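Notes to accompany the following structure.
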Amino acid sequence: MSVLLALAASLLWGFADFGAGVGARRLPVLVVAAIGQSAGLLLAGVVLVATRASMPSREQFAWAAFAGLIGVIGIGAFYRALAIGTMGVVGPITATAAIVPVAYALARGERPSTLQGVGVGLAVVGVVAASLEHVPERAARRFGVGVGLALIAALSFGGSLIGLSRAAPGGTAWAVFTMRASVVPLVLIAMLVLKPRLPATRRLWLLLVGAGIGDSGATLLFGAASTRGLLSVVSVLSSLYPIVIVVLARVLLAERVARPQLAGVALALTGVALISAG
């Protein structure tokens with residue numbers, strides 16, 4: 001069950017992040033985050049009322065708030081990276097966020113297999129290869145646009161996954177609701193102060209609301225998976241979402257990725273697969 005939940009979370013995150021990335025190419029990242037987080041808060045509230053979940057402990061509330069606050073840093077960096085970089089490269093780099101909870105789980109006594117260790121190594125090498133883009137006029141390579149932001153997002157998302165896994169035993173719905181509730185007031189205040197441009201069409205509003213609901217839905221699924229399986233495994237399975245982003249970006253946006261970068265993407269995803277297989 002934990003495997004199915006984690007894979008479902010990965011699939012949903014892929015669609016949600018692609019939609020948010022498209023929105024971030026048309027609107028300020030703050031607007032994308034504000035609409036998405038607010039929609040996600042509404043979904044978590046509905047689930048919370050429907051399930052009538054009991055109150056978690058103060059420590060679990062604190063972990064959920066931590067997950068929300070560090071997660072929104074990752075969201076801002078990730079959406080901006082998707083807006084200025086190549087989605088097919090940014091997505092796999094961000095997927096290495098799984099390394100953070102894997103390391104945390106190892107420190108707490110979980111013992112993944114040797115195959116998983118090889119997978120971590122491949123993922124790191126793949127990230128470096130995918131991050132380098134060719135500069136024709138210089139016959140050299142440089143880090144691709146948005147790579148730095150993608151790495152910041154990966155680190156933030158990894159910390160958020162740890163916080164969510166610690167909060168989820170007190171109730172997944174409460175954990176996700178607290179995550180969103182700790183962030184939404186901050187982004188709405190920022191909206192009031194900065195007064196950024198809002199979506200001009202109904203279609204764009206629906207895209208961002210759908211992305212926010214999908215993101216929170218995936219977070220609920222991951223939280224449930226983390227209470228049923230090893231964090232070192234479910235965190236990696238749920239990080240397969242770049243496959244969805246790469247496919248959608250290729251089909252819908254006609255994005256092209258250089259062969260060396262594509263090899264890096266494949267290597268990173270192979271590493272992720274090995275970690276989950278172990």
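The values are calculated or read from the model by the stated rules, or taken from the named source; none is laboratory data. Just so it is clear, the model here is predicted, and its values are computed rather than measured. All Cβ positions, even for glycine, are placed from backbone atoms using ideal geometry, and neighbour counts span all protein chains on display. Side chains are part of the model used for accessible areas, which takes the heavy atoms of the whole protein and leaves out ligands, DNA and RNA. Shrake-Rupley method; radii C 1.70, N 1.55, O 1.52, S 1.80 Å.
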*Extending each Cα 7 Å along its Cβ direction at ALA266 and LEU188, get the distance between those two points in nm, one decimal.*
4.8
*When only the heavy atoms of the protein chains count and the probe is 1.4 Å, how do THR86, THR94 rank by accessible area, highest first?*
THR86, THR94
_Solvent-accessible ranking of MET87, MET1, largest area first, probe 1.4 Å_ = MET1, MET87
*Considering only protein heavy atoms and a 1.4 Å probe, what is the carbon-and-sulfur percentage of the accessible area of segment 167-210?*
73
*Under 10 Å, Cβ to Cβ, from ASP215 - net charge with Lys/Arg +1 and Asp/Glu -1*: 0
*When the dipole is taken about the Cα centre of the chain, and only Lys, Arg (+1) and Asp, Glu (-1) are charged at their Cβ, what size is it in debye, to the nearest 20?*
420
*Hey, any idea what % of segment 15-100's accessible area is carbon plus sulfur with a 1.4 Å probe?*
67
*Which distance in Å, rounded to a whole number, links the C-alpha centroids of segment 147-198 and segment 45-104?*
6
*the chain: percent of C-alpha pairs farther apart than 29 Å?*
29
*Starting from segment 170-209, pick out the trypsin sites (Lys or Arg not before Pro) whose DSSP state is loop and whose Cβ has at most 14 other Cβ atoms within 10 Å.*
ARG197
*In a shell of Cβ-Cβ distance under 13 Å around LEU188, excluding LEU188 itself, what net charge do Lys and Arg (+1) and Asp and Glu (-1) give?*
+2
*asked:* Please compute the per residue accessible area over the chain with all protein chains in place, 1.4 Å probe, rounded to a whole number of Å².
replied: 45
*Between VAL118 and ARG197, what FRET efficiency comes out of the Förster formula 1/(1 + (r/R0)^6) with R0 = 45 Å and r the beta carbon distance, rounded to 0.05?*
0.45
*Run the quick spin-label model on ALA254 and ALA53: label points 7 Å from Cα toward the beta carbon, then report their separation in nm to one decimal.*
4.4
